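Here's the structure we're looking at; comments come further down.
FYI, it's all coordinate maths here, none of it is from the lab. Here the structure is a predicted model, which is why all the values come from computation and not from measurement. Note: ideal-geometry Cβ built from the backbone for every residue, glycine included; neighbour counts use all protein chains shown.
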Amino acid sequence: MRIEIENLRKDFGATSALCGVDLSIPSGALAVIVGPSGSGKSTLLNLVAGLLEPTSGKIRFDDRDVTSLVPEKRNIGFVFQSYALFPHLSVEENIGFGIEDCTRTERTSRVSALLDRFGLSPLARRLPREISGGERQRTALARAMARQPELLLLDEPLSALDAQMRERLRHHLAQSLRDYGRTAIHVTHDRQEAMALADLLIVMRDGKVEQTGSAFDLYRRPANDFVAQFLGEATLVPVDVESGFVQTPWGSFRASAANKSGQFSLVIRPEDFQLGRGVAEIRVHVRTATFMGSHWRIEGVDQRGIALKADVPSEARPGHGEVLELSLNLASAHFVNDKDAFTGERINDDRSVARG
């Protein structure tokens, strides 16, 4: 089922929780809405569910206007943050609760299939208090799927779990939703969870959608400073663009969007650095070095006093106060400001590089 949201607004008194949201979610996509607290993500989910009534705007499921429909008329399944399982019903009974569109035999078969799919068959007779948090999460998801809704809505279903359990269940959740083959909208504040799950990633701030697209595109080509920094560590270095050329502290290169001019921020991820001499050479004085297993994350300043974060191989074993020779591949450079973003392509002749 395709979801179309048009100029959706929700006011609570004088406060606007949503400020004219436009959004299109393709049929069968796993869309993940991420943003800081108060960004409007849960409000948007509740409006799609019909649990809130919009101040203005439209919500369409395929070509059907559902803006004013009550939740039970929308053919949705909802997984709440608290899971909202019935404490007096067993796992099996929770999953089967509310199935009314089939015979008793078909109902039993459907519940049995879901118990198997989610690895819950040995727990079928247990009560929610007798199973773990991860098992309750799987029970809630199975119950939401049991009625075979066209749209699944998930409101931070992993947030109540500890970090290790949350990490373990991400893959299971994503695979289960994709196997189900229906459209799903998942809300989270966890950026790693969002990028790991999403077919379509939606970043929100202050009641507005900042950017939508694949997790890769938003991470590598953020639309603005906020998206760049929200989705991961990023150093933003001011640069000047004029006549298709970009001047940085470490070199000059040609911008692929030659019609851009003005002041922008060069977005640098820690993994964009390489240890050793090369293009755009930078000497970094190490202030802190944190071992991450596969690499070290260093924080330091370059010869111009610019604060940088960089990843270097684990065997480098950098120490506090050490000076590292790093290089930056400017061919994958990305630039943002509050209005637009574009990528850069470095010139290959020697005149283009300013050695530091």
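Note on the chain: antiparallel DSSP beta bridges, both residues inside, total approximately 80 percent of the bridges counted. Please report the net charge: other residues with Cβ closer than 12 Å to the Cβ of E6, K and R +1, D and E -1. In short, 0.
Compute the Cα gyration tensor for the range 34-153, then decide on rounded, prolate or oblate, letting a ≥ b ≥ c be the square roots of its eigenvalues: rounded whenever a/c is under 1.5, prolate when a/b is larger than b/c in the other cases, and oblate in all that remain. It comes out oblate by the Cα gyration axes.
Between the residues Q148, V286, L197, the greatest Cα displacement towards the positive end of the dipole of the chain, with unit charges on the Cβ of Lys, Arg, Asp and Glu, is found for Q148.
Normalising by residue count, the range 3-220 has a Cα convex hull of 124 Å³ per residue.
Overall form of the range 1-71: oblate. Here a/c, set by the Cα gyration tensor axes a ≥ b ≥ c, is 1.5 or more, and a/b is not larger than b/c. When the chain is treated as a GNM with alpha-carbon contacts under 10 Å, the residue of E156, E315, E299 showing the greatest mean-square fluctuation is E315.
Summarising the amide proton neighbourhood of F245: residues at separation of 5 or more, or on other chains, whose placed amide H is nearer than 5 Å comprise A255. To the nearest ten degrees, helix 163-180 and the longest principal axis of the Cα atoms of the chain are 70 degrees apart. Between S82 and D22, the FRET efficiency from the beta-carbon distance, with R0 = 41 Å, is close to 0.85. Under a 5 Å amide H cut-off, with hydrogens placed 1.01 Å from N, G213 pairs with L201 among residues at least 5 apart or on other chains.
A simple count of charges around R170, restricted to other residues whose Cβ falls under 12 Å of its Cβ and scoring Lys, Arg +1 and Asp, Glu -1, yields -1.
Calculated mean residue ellipticity at 222 nm for the chain: -6500 deg cm²/dmol, from DSSP H runs with n ≥ 4 weighted as -39500 (n - 2.57), summed, divided by the residue count and rounded to 500.
Where a ≥ b ≥ c are the square roots of the eigenvalues of the C-alpha gyration tensor, would you call the range 65-134 rounded, which needs a/c under 1.5, or, failing that, prolate if a/b is larger than b/c, or oblate? Because a/c hits 1.5 or more and a/b fails to exceed b/c, the range 65-134 counts as oblate. Taking amide H positions as modeled 1.01 Å from N, with prolines and chain starts lacking one, the residues under 5 Å from Q303 and 5 or more places away or on another chain are R283. For the range 203-229 versus the range 39-113, the spacing of their alpha-carbon centroids is 28 Å.
Only one residue of Q175, V34, S56 has its Cα farthest out toward the positive end of the dipole of the range 3-220, where Lys and Arg carry +1 and Asp and Glu -1 on Cβ, and that residue is Q175.
Working ranking of peptides 138-146, 243-251, 64-72 by packing, defined as the average number of other Cβ atoms within 10 Å per residue, highest first, is 138-146, 243-251, 64-72.
Distance between the modelled labels on E150 and D162, one decimal in nanometres: 4.2 nm (7 Å Cα→Cβ projection).
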